[in-house]
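The values are calculated or read from the model by the stated rules, or taken from the named source; none is laboratory data. Just so you know, these numbers come straight off a predicted model, no measurement behind them. Cβ: placed from backbone, ideal geometry, glycine included. Neighbour counts: every protein chain shown.
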Amino acid sequence: MSQARALARFAKRLMKPCDVFINHRGIDTKRTIATLLYDQLSWLNLCPFLDNKTMKPGDKLFDKIDSAILGCKVGVTVFSPRYCESYFCLHELALIMETKKKVIPIFCDIKPSQLRVLENGKCECSEEELRRFKWALEEAKNTVGLTYDSFKGNLSDVVRRASNIVIHSLIEINEKEKQMQRQKSPVHV
């Protein structure tokens, strides 16, 4: 690909809102499933959001992340053993759930029943945030997702399956939006 075409594609992506927000615990999954999923979705010409790939120096952390979540259509949540230790992960999950985005959970080396907000002074958040985080985790636990066991599983299979689900979800969402537009527009006689 020529440099000019690469720059044009990059510029187009900067102006396009995020299609898919990838919520993950970096220490557990950034170098594996999160980045591979980002690369696969980018290759498919979608516009995924992954913090270390999308943000640049000078960006305001919460502003950029929150606006990406508000603008996306699908949220992929990659749950991992240390996910619930992160205020940022839980904040992102709560916002995804509160805005009623289509959520595709990936349970990576963890079972849904193992997801719990850490209390006993380990979660430095208000009672309201704690309530939001618990609610969001319960919603996620009750959403059908993909599972991945890093000792037995095939990483490329779970990335491919997640990508296919994202694509089908985006098509479904776009079809619903078109149908709603047709219902709203006046009928000309």
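Scanning segment 127-141 for residues that are without any contact (Cβ under 8 Å) to a residue 12 or more places away in the chain and closer than 21 Å to F79 by Cβ returns R131, E138. With respect to Y87, is the statement that it is modelled with pLDDT of 95 or more and of a type in the set (S, T, Y) true? Criteria not met by Y87.
Conditions tested, residue by residue: (1) under 16 Å from Y83 (Cα atoms); (2) touching a residue at least 40 places away in the same chain (Cβ under 8 Å); (3) surrounded by 11 or more Cβ atoms within 10 Å (Cβ to Cβ).
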{"site": "F107", "(1), (2), (3)": "yes, yes, yes"}
{"site": "V117", "(1), (2), (3)": "yes, no, yes"}
{"site": "C125", "(1), (2), (3)": "yes, no, yes"}
{"site": "G153", "(1), (2), (3)": "no, no, yes"}
{"site": "V158", "(1), (2), (3)": "no, yes, yes"}
{"site": "K176", "(1), (2), (3)": "no, no, no"}
{"site": "Q179", "(1), (2), (3)": "no, no, no"}
{"site": "Q183", "(1), (2), (3)": "no, no, no"}
